[in-house]
Amino acid sequence: MKKYKAVLFDFDGTLIDTNDFIIGSWRAVSEEIFGEMKFDLDYLASFFGTPLEYAAEETRKDYGIEGYDYKDICRIYRDYQKNNQDKFGKPFDGIPELLFALKEKGIKLGVVTSRLRKTTIDALERNGIASCFDAVIGEEDTDIHKPLPEPCLLCCERLGVDPADVLMVGDSRYDIECGNNAGCGSALVSWSFAQKAEGLEGVSKPDHLIEKAGDILDLV
């Protein structure tokens, strides 16, 4: 089995259980606009892994929202998150132990996320795992986003590793496609709220399925 020299992680739904926090943010958007929660959860989950601006514009169009542009939606969403940090979420089971074990093995680690870099780093610091990561790539670091390869490629460049020696770990098809398109290995986590492995084919098919966090140690 191929052994990887570096591991890149998506953030939301992969490292940190922010699913309820994200749904709460969209609920705040819907309640301000409609006075009630109108967004379908499966619909919202289809945007997990994409930049907020894209999700906001698609939601605005699909739900026929008038009087609000995507910037207004992003503002409501981010205001909720700023004012409700106590609801943010914690690392998934085994994640902190995994990260420190990988660092002890000399594996380079990065985060490749569609959320803003500052909020990502702040959350990593609050959870005591920021020191594990050698690079963090956020939404503002690339003009082109997942599922295209640029975010993964930039992280590989900053880590000084060949993409072929890198494993991209995520919870959505956007993460898997980003890693595969970059020439990295790819792994889908079993605790994903956004994506199940069934039906993923071609560029969306992961090389590995991760049942529990510690399984990644077997791949490096």
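We did not get these values from a lab; they are worked out from the coordinates using the rules stated. Since this is a predicted model, take the numbers as computed values, not measurements. Note that we place each Cβ from the backbone using ideal geometry, even for glycine, and neighbour counts take in every protein chain shown.
A few remarks follow.
- The Cα atoms of the stretch 19-87 cover 32, 22, 20 Å along the three principal axes, with the biggest extent listed first.
- Taking the C-alpha atoms of the stretch 70-201, convex hull volume expressed per residue in Å³: 126 Å³
- The chain: angle of helix 150-159 to the longest principal axis, Cα-based, in degrees nearest 10: 40 degrees
- For the chain, built as a Gaussian network whose Cα springs stay under 10 Å, the top-fluctuating residue of Gly64, Gly94, Gly183: Gly64
- Set Lys118/Lys196; Lys90/Lys118; Lys105/Lys205; Lys146/Lys205; Lys103/Lys146; Lys3/Lys108 screened for pairs whose C-alpha atoms are more than 19 Å apart: Lys118/Lys196; Lys105/Lys205; Lys103/Lys146
- Rough spin-label spacing in nm, given labels placed 7 Å along Cα→Cβ, for Glu66 and Glu157: 4.5 nm
- For the chain, the Kirkwood hydrodynamic radius from C-alpha pairs, put into Stokes-Einstein at 25 °C and a viscosity of 0.890 mPa s, yields a diffusion coefficient of 140 µm² per second.
- Euclidean distance between Cα centres, the stretch 80-105 to the stretch 142-170, Å: 21 Å
- Per-residue packing, averaged as other Cβ atoms within 10 Å, sorts the ranges 8-21, 204-217 into the order 8-21, 204-217, beginning with the highest.
- HN-Hα J in Hz across the stretch 58-73 - Karplus 6.51, -1.76, 1.60, θ = phi - 60°, x for Gly and Pro: 5, 5, 4, 6, 5, 9, x, 6, 10, x, 9, 9, 5, 5, 5, 5
- Sparsely packed trypsin sites (Lys or Arg not before Pro) within the stretch 89-134, loop by DSSP, other Cβ within 10 Å at most 12: Lys105
- Cross-link partners of Lys5 among aspartates and glutamates, defined as those whose alpha carbon lies under 17 angstrom from its own and excluding same-chain residues fewer than eight positions apart: Glu104, Asp134, Glu157, Asp162, Asp165, Asp207, Asp215, Asp218.
- Between Met168 and Leu8, Gly185, Ser186, Ala187, the built amide H atoms are under 5 Å apart, and every one of these is 5 or more places off in sequence or on another chain.
- Between helix 173-182 and the chain: long-axis angle, C-alpha atoms, 0 to 90°, nearest 10: 40 degrees
- Sum of -39500 (n - 2.57) over DSSP H runs of 4+, divided by residues of the chain (222 nm, nearest 500): -11500 deg cm²/dmol
- Considering only Ile33, Asn84, Tyr68, and ranking their Cα positions along the charge dipole of the stretch 19-87 that arises from unit charges at the beta-carbon of Lys, Arg, Asp and Glu, the one farthest toward the positive end is Asn84.
- Put a dot 7 Å past the Cα of Asn127, heading toward its Cβ, do the same for Phe100, and the two dots end up 1.5 nm apart.
- Residue-count net charge about Asp165 - beta-carbon cut-off 9 Å; Lys, Arg +1, Asp, Glu -1: +2
- Dipole check for the chain: with +1 at the C-beta of Lys and Arg, -1 at the C-beta of Asp and Glu, and the Cα centre as origin, the magnitude is about 540 Debye.
- DSSP-loop GluC sites (Glu not before Pro) across the stretch 52-106, with at most 13 other Cβ within 10 angstrom: Glu66
- Gain in span if fully extended, Phe34 to Asn84, counting 0.36 nm per residue against the direct Cα distance: 15.9 nm
- Here Asp143 and Lys196 are evaluated by their C-beta separation; at R0 = 35 Å the FRET efficiency comes out at 0.70.
- Beta bridge orientation in the chain: antiparallel %, DSSP, nearest 5: 5 percent
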